[in-house]
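All remarks here apply to the structure that follows.
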Amino acid sequence: MSRFNASFEIHVHGQVVLRPEVTYLQLQDALKPLWRYAGSKSLADAAKSSYEDEPGIHLNPHEHILQMCWTVPGDDDFRQTLDEVCMNLNDLASAGAAIEVTFYDAEFDEEEGPPGSESRDDFVMLFVGPDPAAIMQVQRDILVQDMVNLMERHFDGAELGGVVSEIDKLFAQRFDDLVNSLEIGKPPRGSGGSSSGHGGGRKPRHLH
């Protein structure tokens, strides 16, 4: 698959804890949409990132951890690939995990572009897990961390217990609503996907 004129450089970053019995062949099959998108014939062929300073896609067999710090050229159609990969990883994950995906506008030049122009950079956070409860747990943990980091600029951490408690109530209510609607087998609303930001200042690429 030729992507020399791709609109974006797409960076996938995350760490997923897999069930102990998951084999490399199962993982390769789950990530097939990724490596096929990259134009490769196997996960091993696609595992190397476009940037040498990024580890790429790596399985730690001793700790059963899938680590991704991988960049590939692509377009908006990569979003469908992500949906397929997340659904596949749900079946292999032993705990909830977040996967960050950043779309860098390959055609935007901050120095040479016209004044006031904005890039088409975009950021999406996806969630995977063995069940809705595990997905909600990692969503909750990230939200609490972000909220505490923001509010600690103005308040002592010891004063924020009430804020954390209210966040827990919101997630507890969401989970109860999910159970009561008899949709326990489906991802919770918004859990497949995403919170995203667009335009503005450019998010620096992960460096390792």
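Going through region 1-60, which chymotrypsin sites (Phe, Trp or Tyr not before Pro) have at most 13 other Cβ atoms within 10 Å and a DSSP loop state? Write down the numbers at each step before the final one.
Working: sites: F4, F8, Y24, W35, Y37, Y51; in loops: F4, Y51.
Here the sparse-neighbourhood loop sites are F4.
Compute the relative contact order of region 22-107 as a whole-number percentage, counting only Cα pairs closer than 8 Å that sit 6 or more residues apart in sequence. All intermediate terms of the calculation are to be shown ahead of the outcome.
Numbers: 80 pairs, mean separation 22.6, N = 86.
In percent, rounded to a whole number, it is 26.
If R₀ is 35 angstrom, what is the calculated FRET efficiency for the pair E118 and E21, using the beta carbon separation as r and rounding to 0.05? Before the final figure, lay out each step's value.
On the way: r = 47 Å, r/R0 = 1.34.
Result of the calculation: an efficiency of 0.15.
For A95 and M151, FRET efficiency with R0 = 30 Å and r from the beta-carbon atoms, rounded to 0.05? Mind dumping the intermediate values first?
Numbers: r = 27 Å, r/R0 = 0.90.
Approximately 0.65, to the nearest 0.05.
Every number here is computed from the coordinates shown, using simple stated rules; none is lab data. Quick caveat, the model's predicted, so the values are computed rather than measured. Heads up, the Cβs are rebuilt from the backbone with ideal geometry, glycines too, and the neighbour counts pull from every protein chain shown.
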